[in-house]
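Student: Here it is, the structure, as structure tokens.
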Amino acid sequence: MAEIHRASFPPDEAWGPDAFALQLGLPGVFALLDETGGFLLARVTMDEAEVLTLAVQPDARQRGTGRRLLVAAMQEAGRDGARTMFLEVSAINNAARNLYETSGFRQVGLRRRYYADGSDALVMRRPITSGAPASA
Ligand SMILES: CC(C)(COP(=O)(O)OP(=O)(O)OC[C@H]1O[C@@H](n2cnc3c(N)ncnc32)[C@H](O)[C@@H]1OP(=O)(O)O)[C@@H](O)C(=O)NCCC(=O)NCCS
């Protein structure tokens, strides 16, 4: 996961193996790995799930891996009791914004100049419907 993260984010935002190990030791945190070279880390707290990070290695992108991981994370979080999922995404990250918008997420907040590059973070959220497939 650290390797894919390093290839996917600016150097000052990359999480090393220790950061992943720490996260995975926290209550409610789970990781999903995709054999094509992608992963998603999420946390369920009571009835709310948060996507902590999601990345697909550059040469495996645009083949459906990111969406597959997101759908699987909603299903897993729903099984763990979550009724909504939220996340933060940079306003200038068009690939991720498209993925989330076409997966049913809507903007519910804005954190100005949240990231190291000065970009704003959009807070996005969508309901998780228990029993139903977690599609858009
Ligand atoms: C965002 C990311 C995880 C998407 O993974 P992916 O496997 O390429 O995504 P998918 O192939 O499942 O594409 C799903 C949707 O995302 C959007 N998308 C993906 N790549 C895109 C691009 N380069 N430009 C615009 N939209 C894009 C499209 O809406 C796409 O749906 P479509 O195929 O029906 O058009 C990947 O680009 C990535 O790892 N980026 C770097 C890390 C990152 O930004 N993580 C998210 C942090 S919030």
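Bear in mind that the values in this text are calculations on the coordinates, not laboratory data. Worth saying up front: this structure is predicted, and the values here are computed from it rather than measured. Note: ideal-geometry Cβ built from the backbone for every residue, glycine included; neighbour counts use all protein chains shown.
Student: When N counts the residues of region 28-67, how does its alpha-carbon radius of gyration compare numerically with 2.2 N^0.38 Å, as a ratio?
Tutor: The reported ratio for this selection is 1.27.
Student: Step through the residues of region 60-73 one at a time and calculate ³J(HN,Hα) from phi using the Karplus curve (6.51 cos²θ - 1.76 cosθ + 1.60, θ = phi - 60°), rounding each to whole Hz and writing x for Gly and Pro.
Tutor: Along region 60-73, the couplings run 10, 6, 6, 10, x, 5, x, 5, 4, 5, 5, 4, 5, 5 Hz.
Student: While we're here: Based on the alpha-carbon set only, what is the convex hull volume of region 53-136 divided per residue, in Å³?
Tutor: Cα convex hull per residue, to the nearest whole number: 95 Å³.
Student: Set the Förster radius R0 to 22 Å, insert the Cβ-Cβ distance between Q107 and T45 as r into 1/(1 + (r/R0)^6), and round the FRET efficiency to 0.05.
Tutor: Approximately 0.55, to the nearest 0.05.
Student: Count charges around G64 for me, please; just the other residues with Cβ under 14 Å from its Cβ, Lys/Arg as +1, Asp/Glu as -1.
Tutor: +2
Student: Another question about this same structure. Checking the a/c ratio against 1.5 first, then a/b against b/c, what shape does the Cα gyration tensor give for region 1-69?
Tutor: Oblate, since a/c reaches 1.5 and b/c is not below a/b.
Student: Only helical DSSP H runs with n ≥ 4 go in: add -39500 (n - 2.57) per run for the chain, normalise by residue count and round the 222 nm mean residue ellipticity to 500 deg cm²/dmol.
Tutor: Per the formula, -8000 deg cm²/dmol.
Student: With +1 on the Cβ of every Lys and Arg and -1 on the Cβ of every Asp and Glu, and nothing else charged, how large is the dipole of the chain about its Cα centre, in debye rounded to the nearest 20?
Tutor: Taking the Cα centre of the chain as origin, the dipole is about 480 debye.
Student: Which percent of Cα pairs goes in each bin when the distances of region 2-127 are cut into 5 angstrom slices starting at zero?
Tutor: P(r) for region 2-127, in whole percents per bin: 2, 11, 20, 24, 24, 16, 3, 0.
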